[in-house]
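Asks: Attaching a single structure in structure tokens format; questions to follow.
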Amino acid sequence: MRISSVDGRPVAFLARHGRDHRFAAHRVPFRANVWALASLGVRTIVAPCSVGSLRARLAVGDFVVVDQLVDRTHGRAGTFHDAGAGDGLPGSDGAVHHLAVADPYDATVRHALLTAGRELGGPTIHDGGTMVVINGPRFSTRAESQWYSRMGWDVVNMTGAPEAALAAEAGIAYALIALVTDRDAGSSDGDAPVTMDAVLETVRSNVDSVRQLIRLAIPRL
């Protein structure tokens, strides 16, 4: 983790996959990551991520500030409340808890990201959308991708859950800025399959825009 300041505001940066990208999506230590931020007193998390598009209107290179989440992951430590009392984790008081997470993304953080994206100009920024989170590390089959689209979901990702719920349990305002890096498994049978090389190339081409957008959003948080 790195701690610095942006325009006079204290900021902590934590690479969810590790500094050297050592953790595949299903191995990311989500609980430890959120606990580390909470232990520093972080009040807001802005979480950039890459997504595959399930909609023709969401083009590669676009930004999406999603507003809903479908969790299709499995086997991940998704709550602080199964930790024992005294473990030091946020919310680990040993009691039974049921988290209200009907709206998983903080409205104030979403607004800041949307406003910053419009101020930045350049990439198209979309307000709202449902992100389905799959376990990974593999990409979707064509049949899975087509099913996600038929279900009405807009983008697909591997890291958005349980991150959002953990942030909510820790009392941290949280929202995502999603970069569309690919058309998931191709939006039709004629499209090329997703490759990691193509995803990383899109990330490299857009990383400066992501940084600038977040920098513009920080004073509004």
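The values are calculated or read from the model by the stated rules, or taken from the named source; none is laboratory data. Only a predicted model underlies this, so the values are computations on that prediction, with no experimental measurement involved. For neighbour counting, all protein chains shown are included, and Cβ atoms are generated from backbone atoms with ideal geometry for every residue, glycine included. Only protein heavy atoms, including side chains, enter the accessible area calculation; ligands, DNA and RNA are left aside. Shrake-Rupley method; radii C 1.70, N 1.55, O 1.52, S 1.80 Å.
Asks: Answer with yes or no whether L200 is modelled with pLDDT of 95 or more and either out of contact with any helix residue (DSSP H, G or I) (no Cβ under 9 Å at 6 or more places or on another chain) or not in a loop (DSSP other than H, G, I, E, B) (or both).
Replies: Against the criterion (modelled with pLDDT of 95 or more and either out of contact with any helix residue (DSSP H, G or I) (no Cβ under 9 Å at 6 or more places or on another chain) or not in a loop (DSSP other than H, G, I, E, B) (or both)), L200 does not qualify.
Asks: Test I177 against the criterion of being at pLDDT 95 or above, among the aliphatic types (A, V, I, L, M) and either out of contact with any Gly (no Cβ under 9 Å at 6 or more places or on another chain) or open to solvent by 80 Å² or more (accessible area, probe 1.4 Å) (or both), and give yes or no.
Replies: Against the criterion (at pLDDT 95 or above, among the aliphatic types (A, V, I, L, M) and either out of contact with any Gly (no Cβ under 9 Å at 6 or more places or on another chain) or open to solvent by 80 Å² or more (accessible area, probe 1.4 Å) (or both)), I177 does not qualify.
Asks: Exactly one of these conditions fails for A102: (1) part of a loop (DSSP other than H, G, I, E, B); (2) modelled with pLDDT under 95; (3) surrounded by fewer than 18 Cβ atoms within 10 Å (Cβ to Cβ); (4) hydrophobic (A, V, I, L, M, F, W, C). Give me its number.
Replies: With (1) part of a loop (DSSP other than H, G, I, E, B); (2) modelled with pLDDT under 95; (3) surrounded by fewer than 18 Cβ atoms within 10 Å (Cβ to Cβ); (4) hydrophobic (A, V, I, L, M, F, W, C) applied to A102, the lone miss is (2).
Asks: Quick one: which of A25, A32 is at negative phi, without any contact (Cβ under 8 Å) to a residue 12 or more places away in the chain, out of contact with any Phe, Trp or Tyr (no Cβ under 6 Å at 6 or more places or on another chain) and among the hydrophobic types (A, V, I, L, M, F, W, C)?
Replies: It is A32.
Asks: Something else: Across segment 16-57, what is the total count of residues that are open to solvent by 70 Å² or more (accessible area, probe 1.4 Å) and of a type in the set (D, E, K, R)?
Replies: Number of matching residues: 6.
Asks: If the requirement is being more than 17 Å from V64 (Cβ to Cβ) and at pLDDT 95 or above, which of these qualifies: I218, I214? Break it down into steps so the answer makes sense when it comes.
Replies: On the way: I214 fails: more than 17 Å from V64 (Cβ to Cβ).
It is I218.
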